[in-house]
1. Kindly indicate the residue of the range 141-163 that is within 28 Å of GLU216 (Cβ to Cβ) and over 18 Å from the mean Cα position of the chain (by Cα) and also modelled with the highest pLDDT among those meeting that condition.
2. Among the residues that make up the range 116-128, is at least one of them over 30 Å from LYS310 (Cα atoms) and of a type in the set (A, V, I, L, M, F, W, C)?
3. Restricted to the range 155-203, and to residues that are surrounded by 13 or more Cβ atoms within 10 Å (Cβ to Cβ) and of a type in the set (Lys, Arg), which residue is farthest from ASP77 (Cα to Cα)?
4. Cβ-Cβ below 8 Å, separation at least six or inter-chain, first residue in the range 83-101 and not assigned by TED's automatic domain parsing to the domain that holds GLU128, second at pLDDT below 75 and not in a strand (DSSP E or B): which pairs?
5. Scan the range 264-285 and give yes if some residue there is in contact with a strand residue (DSSP E or B) (Cβ under 7 Å, 6 or more places away or on another chain), among the hydrophobic types (A, V, I, L, M, F, W, C) and surrounded by 15 or more Cβ atoms within 10 Å (Cβ to Cβ), otherwise no.
6. Is it true that some residue in the range 251-260 is surrounded by 15 or more Cβ atoms within 10 Å (Cβ to Cβ), of a type outside the set (Val, Ile, Thr) and within 30 Å of ALA7 (Cβ to Cβ)?
Amino acid sequence: MTSLTPAQIQQIDQRIRAELGKVIVGQDRIIRLLLASLFARGHCLLVGVPGLAKTLLVKSLAESLRLSFKRVQFTPDLMPSDILGSELLQEKDRRLEFEYQPGPIFANLLLADEINRTPPKTQSALLEAMQERRVTVGHETRPLPDPFLVIATQNPIEQEGTYPLPEAQLDRFMFSLTLGYPSRAEEAEVVRRTTLQAPVKLEPVATREEILAIQELVRAAPVSDHVIDYAVALSAATRPHEADAPSLAKDYVEWGAGPRASQCLILGAKALALLDGRLAPETADVRAVAPAVLPHRVLVNYRATGAGRKAPDIVAELVESVREKSY
């Protein structure tokens with residue numbers, strides 16, 4: 001396994017972002033957190049209206065990392081076997097035998113486009129593979145490639161004919177990232193690049209071995225106790241049934257984030273620290289990833305709906321209310 005220093009990881013990050021910048025305009029925060037999720041071995045949910053280059057971003061990331069890439073367009077008739085693969089009856093030497101045909105999930109980077117358009121049975125098959133990082137078809141279990149990252153997309157506007165992901169399945173995603181509209185200047189640059197220039201071919205700027213080495217270092221990076229305590233306190237602040245829960249959570253939250261949120265806060269903070277050339281994360285790194293980790297794990301109640309309060313806004317206020325000096 002290749003050994004890398006934080007400074008070398010920062011250089012790799014800069015190379016990747018520069019290469020993505022050839023085709024992606026803006027979205028700096030999204031790219032930063034997307035790379036953090038890859039290096040932390042976490043999966044990502046991209047939420048945004050059509051036309052914000054979600055598919056292009058994922059495809060470009062795979063090209064810049066020399067990783068295998070597959071895209072699955074989720075539809076109401078999609079079956080688990082369309083993703084995981086299936087055993088087909090084949091004739092060999094005048095005998096009928098079952099032969100396994102791998103599905104598109106056997107890729108380093110899988111784009112699950114509009115994941116909420118397929119029924120729960122197919123969603124569950126994908127999400128189980130995300131968690132276990134292996135696929136069982138028939139009587140044989142097969143490991144998925146390493147690294148393995150699922151990036152799913154959702155359209156927040158059109159909900160007719162969709163199957164929203166249950167909270168337990170949303171919890172499988174380390175980050176949920178919402179893409180906003182570009183600024184006027186960014187949109188003008190997008191138009192120039194796509195209507196006046198030939199498509200740009202990206203070159204790989206990082207190897208699979210480097211990605212795996214960064215993932216190992218994220219796991220091995222040290223974390224001080226007060227940073228862990230702070231991450232746990234942030235997650236606990238979203239739980240209305242805790243004895244010391246903030247009044248905001250008690251008033252507007254039905255169910256808060258579970259222990260996996262605390263884990264993702266620390267892993268995401270460690271990845272961000274390494275991207276900045278630092279070995280150990282700080283509480284500021286935990287706060288930086290909290291808007292991507294907590295909102296999709298917080299279920300608001302009817303009072304919040306009536307008051308027009310949404311999970312991201314409530315989480316932002318809760319993060320401000322949890323003081324580091326208390327630990």
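The values are calculated or read from the model by the stated rules, or taken from the named source; none is laboratory data. Predicted model, so just to flag it, every value in this text is computed and none were measured. Positions of Cβ are generated from backbone atoms using ideal geometry, with glycine treated the same way; all protein chains shown enter the neighbour counts.
1. Within the range 141-163, the match that is modelled with the highest pLDDT is PRO143.
2. No, that holds for no residue.
3. ARG193
4. Correct list of pairs: empty, since none qualify.
5. Looking for residues that are in contact with a strand residue (DSSP E or B) (Cβ under 7 Å, 6 or more places away or on another chain), among the hydrophobic types (A, V, I, L, M, F, W, C) and surrounded by 15 or more Cβ atoms within 10 Å (Cβ to Cβ), one finds none in the range 264-285, hence no.
6. No, the range 251-260 contains no residue that is surrounded by 15 or more Cβ atoms within 10 Å (Cβ to Cβ), of a type outside the set (Val, Ile, Thr) and within 30 Å of ALA7 (Cβ to Cβ).
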